[in-house]
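Every number here is computed from the coordinates shown, using simple stated rules; none is lab data. This is a predicted model, so every value here is computed, not measured. Cβ placement follows ideal geometry from the backbone for every residue including glycine, while neighbour counts extend to all protein chains displayed.
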Amino acid sequence: MTLAFLDDQPEIVAEAVHHALAALGLPGLAIRFVGVEAKGRGRVKLVWARAEGQPELARLRDAVRGAVRAAGVDLPRERFRPHVTLARFGAGGADAARLAPWLAEVAGLTAGPYPLDRLCLYRSTLTPEGPIYDVLAEYDLV
């Protein structure tokens, strides 16, 4: 689940973000998933599991975004829709009609709660086969 997307940052800014996140000392929480949704008309681009909106998760996101901003990253204002991506389809997308029966079957998914006891700072490298994600740092939630 992405709490703050940093885009490309110089090493000095990334180091400042690392120190800001390490200093947060935030509490852990549990996340529950409550449904599966798809984005795209006719051609589906993305399928995700929606996380239950809870105040603790919103506070965690706000704290992370505040630390990132304090480290010098200008983040855009955006609405928080907590989710975990299940599938991302290429530029052409997937046929929505073919996915519709499966989406109807899993639309009412409920799963969890799952403990969230750490945050990770990731780097993504885009390749023709898809992105590669590397963990740069981990931060325990207390």
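The number of residues in region 1-60 that are within 22 Å of residue 137 (Cα to Cα) and of a type in the set (Gly, Ala, Ser) comes to 10.
Total residues in region 1-36 satisfying the condition of being assigned to a helix (DSSP H, G or I) and either surrounded by 14 or more Cβ atoms within 10 Å (Cβ to Cβ) or touching a Gly at 6+ places or on another chain (Cβ under 8 Å) (or both): the figure is 8.
With respect to the conditions (1) over 20 Å from residue 109 (Cα atoms); (2) over 18 Å from the mean Cα position of the chain (by Cα); (3) exposed (fewer than 14 other Cβ atoms within 10 Å of the Cβ), residue 98 falls short on a single one, namely (1). The set of residues in region 68-83 that are in contact with a strand residue (DSSP E or B) (Cβ under 9 Å, 6 or more places away or on another chain) and exposed (fewer than 14 other Cβ atoms within 10 Å of the Cβ) contains only 81.
Here are some residues: 139, 122. Which one is over 23 Å from residue 40 (Cβ atoms), more than 15 Å from the chain's Cα centre (by Cα) and not in a loop (DSSP other than H, G, I, E, B)? Lay out the reasoning, then the answer.
Working: 122 fails: more than 15 Å from the chain's Cα centre (by Cα).
Criteria check complete, one pass: 139.
When residues in region 1-23 are screened for being polar (S, T, N, Q) and under 24 Å from residue 115 (Cβ atoms), 1 of them pass. Set side by side, the residues 72, 66 differ, and just one is under 23 Å from residue 12 (Cα atoms) and part of a helix (DSSP H, G or I), which is 66. Scanning region 78-128 for residues that are under 27 Å from residue 27 (Cβ atoms) and without any contact (Cβ under 8 Å) to a residue 12 or more places away in the chain turns up 78, 79.
Got a sec? Which of 101, 113 is in a strand (DSSP E or B) and over 24 Å from residue 18 (Cα atoms)?
Values: 101 fails: in a strand (DSSP E or B).
Sole residue among the options that is in a strand (DSSP E or B) and over 24 Å from residue 18 (Cα atoms): 113.
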